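Taking it in order: structure first as structure tokens, then the write-up.
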Amino acid sequence: MEKNEVKTVGKGVKFERIRRITGYLVGTTDRFNDAKQAEEHDRVKHSITTAKN
Amino acid sequence: MGQTQTAVFTHIRKRDGSKVPFDSLKILEAIRLASEAVPENKIPASELAPLTKAVIERLPAGTEPTVEQVQDMVEETLVEAGYFTVAKAYILYRAEHAKVRQSKDDLMHIYEQLTFTDARDADIKRENANIDADTAMGTMLKYGSEGSNYFVNNYILPKDIAGAHINGDIHIHDKDFYMLTETCCQIDLIKLFRNGFSTGHGFLREPNSITSYAALACIAIQANQNEMHGGQSVPNFDYSMAEGVRKTYKKEYARALADFKALRGENEPGAEEYAEKTAWERTDRLTFQAMEALVHNLNTMNSRAGAQVPFSSLNYGTDTSREGRMVIANLLKATRAGLGNGETPIFPVQIFKVKEGVNFNPGDPNYDLFKDAMATSAMRLFPNFSFLDAPFNLPYYKPGDYNTEVAYMGCRTRVMANVHDPDRQVTCGRGNLSFTSINLPRIGLLAKGDEKKFFALLDERMDLAFRQLLHRFDIQRKKKRFNYPFLMGQGIWIDSDELDPTDSVEEVLKHGTLSVGFIGLAETLVAMRGAHHGESEASQELGLRIISHMREKCDEQARNTGMNFTLLATPAEGLSGRFVKIDRRMFGEIEGITDRDYYTNSFHVPVYYPITAFKKIATEAPYHALTNAGHISYVEMDGDVTQNLEAFEAVIRCMKEMGVGYGSVNHPVDRDPVCGYTGVIYDVCPRCGRREGEELSVEKLRELRRKYPDMPVGKCDC
């Protein structure tokens, strides 16, 4: 009674990360083949400037 | 003659250790075959017997020679006799056989791997991310696929082609389906639904409401997917579904009118206004429900024995009718809503067709839907955007005629021009027959900057690919209409409704495309010029020359054969790592070429190279015009894109202005399955505050649920 047993959820549950592969999407990145996982890992963001001049 | 030699050896030892009777005629036959491979240096028939004897004389007397020994002696004898090119052909032939034998040995090993290893540990089971190879049917499918590859390698393909595939000069896509069918098709649902259709397992009458239109659309995609090895696309989804909306509206109008009159009397004014208003409201609601069901169905219904859901693509955006607009708006809305627990739908791949005067600028009738499409894509990654104003898409376009609007398969495949029948340059009922990709970086590595050598090798590889595509077509054309009960039997493929069940499909297949693809232009340019096209103008110049040359060769081949040979910027999911793995073994690890686990997709600027979005688009756009079998460009955006729609729109508008054919914006879409948050998650979930793998108290979850009633259920007991 003194010690409160805290019920928890989510232990070991990973985040889902959805990415586009070749025009289409896949469920989550852990379904990617090794090469595509490597490619996804290497992707860098492209900067966008909306200034018209 | 020969009384001594033939008596010397009674047996020969095969590679598997077994003994078979020695037969000198087999040696003669091998020499003849090698000789026939090089018509310019052919050995006269009278020379074959003396050469055979010379081979036998070289074998150590009194032993049981091995096959390898005999082959070594054949090589030596040919070289000594001055038949250098024949010797070279023979050596190649041997090497190719050795590779094929290798694959033969590996088959049972592969079956073992498929059976006893989980997908997360076996790359072979994740070749295509949308196939679940851990399930019984997924594994069964892989058994079939690997067994079929073995059969095709060993018994079907000409040896030099099998060799070129195995050694990674070329890659024959979907080789497991070599003996069976074609890649993909663009389905005209309007034509299919007229008077109903049969799936091969039962007849369905013409649908009469948007609800049944959407349901039957899924069934048609599913049925066709099971007869082809690629994806299925609806090129005119808005136009197709608009007919269903019209029927629903008519019914709802009649019902509302009857309700009004029953309640207020026949002559009470305002009946029509009430009926119209009520009917549109109900129709809109029913259309949303139909689109919601369609998205759910396309993410859950089985195809290919349950290993996959159908690979579906929907093109839309140009139907400006009230009904068509209602379809588009509700499909986008359903996509934003997501699946049962708010998950991002993986299918259908959605493609929004951008067209000036229709939806591109403020004041265009569907401009609001274009904005809506961008907001949806910013949240869910779909739709992608295709550009009907691109200089290579525009010439086909006739306003209001969907059959003249270029459509894309979700993966990027594009089918439009038609050398087989220039009067039928249309979208519906056509697709790709098969495609084969060329390992461009290897040619760069072999040529080492020598352009003359590069283009000579490129021509050689392309000729090989052409020959292989025709070899495959020769198998495809022998099929009959009855081999495709849905695709052909229901008249989905162009002109197939004019065939009798036992007619050959050869003539109608000729409306499809045979495509040569490529991967790794960036690595190729590093090999040739020391820099890729994103970082060097000179490399861009060479890159454009290489791809232009490939396109010209495809055009030339199309003119010479009357077949639709086209150039493809290969999607390369399974292929992305295959060539580079072999090339690293051959050439070692070379910086910027073989030092990563993948070759860069098609003509893309490498994903790791920092470049502005606009520079990337400007660099890649000219290649879209050259790759008439399909292409796509991506821009990677950071952070929560839904909060930056202005930037999103700037990217899409830039793609359109630069002449891109098909493009999309990539951005992170993450989801925490515990609390259901969808958006960008870096290390910590912004909703529930847990890190990946961390636990969360049930109390906290319960608290969150009060704030977010749409949170997933079933993950816990609260």
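The values are calculated or read from the model by the stated rules, or taken from the named source; none is laboratory data. Model, not experiment: these values are computed from the prediction. Cβ coordinates were reconstructed from backbone atoms using ideal geometry, including for glycine residues, and neighbour counts include every protein chain displayed.
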Response to the item:
Within segment B:695-705, the count of residues that are without any contact (Cβ under 8 Å) to a residue 24 or more places away in the chain and facing chain A (nearest Cβ under 7 Å) comes to 4
Worksheet item: Quick one: is B:Ser576 touching a residue at least 40 places away in the same chain (Cβ under 8 Å) and polar (S, T, N, Q)?
Response: yes
Practice prompt. Say whether the condition of being of a type in the set (Gly, Ala, Ser) and either over 16 Å from A:Leu25 (Cα atoms) or crowded, with 20+ Cβ neighbours inside 10 Å (or both) is met by at least one residue in segment B:649-656.
Written response: yes
Worksheet item: within 14 Å of chain A (Cβ to nearest Cβ) and within 29 Å of B:Lys478 (Cα to Cα): does that describe B:Lys142?
Response: yes
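Residues checked against (1) touching a helix residue (DSSP H, G or I) at 6+ places or on another chain (Cβ under 7 Å); (2) over 20 Å from B:Val508 (Cα atoms):
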{"residue": "B:Pro441", "(1), (2)": "yes, yes"}
{"residue": "B:Gly444", "(1), (2)": "yes, yes"}
{"residue": "B:Glu451", "(1), (2)": "no, yes"}
{"residue": "B:Ala456", "(1), (2)": "no, yes"}
{"residue": "B:Leu464", "(1), (2)": "yes, yes"}
{"residue": "B:Arg472", "(1), (2)": "no, no"}
{"residue": "B:Lys478", "(1), (2)": "no, no"}
Worksheet item: What's the number of the condition B:Phe587 fails, among (1) under 19 Å from B:Ile519 (Cβ atoms); (2) surrounded by 17 or more Cβ atoms within 10 Å (Cβ to Cβ); (3) among the hydrophobic types (A, V, I, L, M, F, W, C)?
Response: (2)
Worksheet item: What are the residues in segment B:524-541 that are in contact (Cβ under 8 Å) with a residue 60 or more places away in the chain, assigned to a helix (DSSP H, G or I) and of a type outside the set (Gly, Ala, Ser), if any?
Response: B:Thr524, B:Leu525, B:Val526, B:Met528, B:Arg529, B:Gln540
Worksheet item: Can you find even one residue in segment B:610-617 that is more than 21 Å from B:Gly630 (Cα to Cα), facing another protein chain (nearest Cβ under 7 Å) and of a type outside the set (A, V, I, L, M, F, W, C)?
Response: yes
Practice prompt. Looking at (1) more than 29 Å from B:Asn361 (Cβ to Cβ); (2) more than 7 Å from chain A (Cβ to nearest Cβ); (3) over 22 Å from the mean Cα position of the chain (by Cα), find the lone condition where B:Ala629 falls short.
Written response: (3)
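Here are B:Thr413, B:Thr436: which of them is among the β-branched types (Val, Ile, Thr), crowded, with 18+ Cβ neighbours inside 10 Å and within 14 Å of another protein chain (Cβ to nearest Cβ)?
B:Thr413
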Discussion item. Quick check on segment B:416-430: of everything there that is touching a strand residue (DSSP E or B) at 6+ places or on another chain (Cβ under 8 Å) and on the phi < 0 side of the Ramachandran plot, which residue is surrounded by the most Cβ atoms within 10 Å (Cβ to Cβ)?
Written reply: B:Arg430
Response to the item:
B:Met374: passes all of (1) within 14 Å of chain A (Cβ to nearest Cβ); (2) under 22 Å from the mean Cα position of the chain (by Cα) but (2)
Discussion item. Any residue at all in segment A:12-33 that's basic (Lys, Arg), modelled with pLDDT of 90 or more and under 30 Å from B:Leu645 (Cβ atoms)?
Written reply: yes
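To keep it simple, each residue is scored yes or no on (1) within 18 Å of B:Phe648 (Cβ to Cβ); (2) assigned by TED's automatic domain parsing to the domain that holds B:Arg653; (3) not β-branched (Val, Ile, Thr).
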site: B:Leu298; (1), (2), (3): no, yes, yes
site: B:Val354; (1), (2), (3): yes, yes, no
site: B:Val358; (1), (2), (3): no, yes, no
site: B:Asn361; (1), (2), (3): yes, yes, yes
site: B:Thr404; (1), (2), (3): no, yes, no
Practice prompt. Among residues belonging to segment B:635-648 that are more than 7 Å from chain A (Cβ to nearest Cβ) and modelled with pLDDT of 95 or more, point out the one that is surrounded by the most Cβ atoms within 10 Å (Cβ to Cβ).
Written response: B:Phe648
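For every residue, the table says whether it meets (1) within 17 Å of B:His667 (Cα to Cα); (2) not polar (S, T, N, Q).
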{"position": "B:Val309", "(1), (2)": "no, yes"}
{"position": "B:Tyr316", "(1), (2)": "no, yes"}
{"position": "B:Ser321", "(1), (2)": "no, no"}
{"position": "B:Leu339", "(1), (2)": "no, yes"}
{"position": "B:Phe360", "(1), (2)": "no, yes"}
{"position": "B:Leu369", "(1), (2)": "no, yes"}
{"position": "B:Thr376", "(1), (2)": "yes, no"}
{"position": "B:Arg380", "(1), (2)": "yes, yes"}
{"position": "B:Phe385", "(1), (2)": "yes, yes"}
Worksheet entry | Pick from segment B:439-466, criterion free of Cβ contacts under 8 Å to residues at least 24 places away in the same chain and part of a helix (DSSP H, G or I), ranking: surrounded by the most Cβ atoms within 10 Å (Cβ to Cβ) | B:Leu457
Worksheet item: Can you find even one residue in segment B:327-349 that is buried (at least 20 other Cβ atoms within 10 Å of the Cβ) and either in a strand (DSSP E or B) or without any contact (Cβ under 8 Å) to a residue 24 or more places away in the chain (or both)?
Response: yes
Discussion item. Suppose we keep only residues that are touching a residue at least 40 places away in the same chain (Cβ under 8 Å) and of a type in the set (S, T, N, Q) within segment B:351-393. Which one would you say is farthest from B:His631 (Cα to Cα)?
Written reply: B:Asn366
Practice prompt. Could you identify the single residue in B:Tyr682, B:Tyr708, B:Tyr677, B:Tyr662 that is surrounded by fewer than 19 Cβ atoms within 10 Å (Cβ to Cβ), touching a strand residue (DSSP E or B) at 6+ places or on another chain (Cβ under 9 Å), more than 7 Å from chain A (Cβ to nearest Cβ) and of a type outside the set (Val, Ile, Thr)?
Written response: B:Tyr682
Worksheet item: Is it the case that some residue within segment B:544-555 is buried (at least 19 other Cβ atoms within 10 Å of the Cβ) and either aromatic (Phe, Trp, Tyr) or within 14 Å of chain A (Cβ to nearest Cβ) (or both)?
Response: no
Discussion item. Could you tell me how many of the residues in segment B:575-605 are touching a Lys or Arg at 6+ places or on another chain (Cβ under 9 Å) and either within 17 Å of B:Gly630 (Cβ to Cβ) or at the interface with chain A (Cβ under 8 Å from one of its Cβ atoms) (or both)?
Written reply: 7
Discussion item. List pairs: first residue in segment B:653-675 and among the hydroxyl-bearing types (Ser, Thr, Tyr), second residue part of a loop (DSSP other than H, G, I, E, B) and crowded, with 21+ Cβ neighbours inside 10 Å anywhere in the structure, Cβ distance under 7 angstrom, at least six positions apart or on different chains.
Written reply: B:Tyr662/B:Arg412; B:Tyr662/B:His631; B:Tyr662/B:Ile632; B:Ser664/B:Ile632
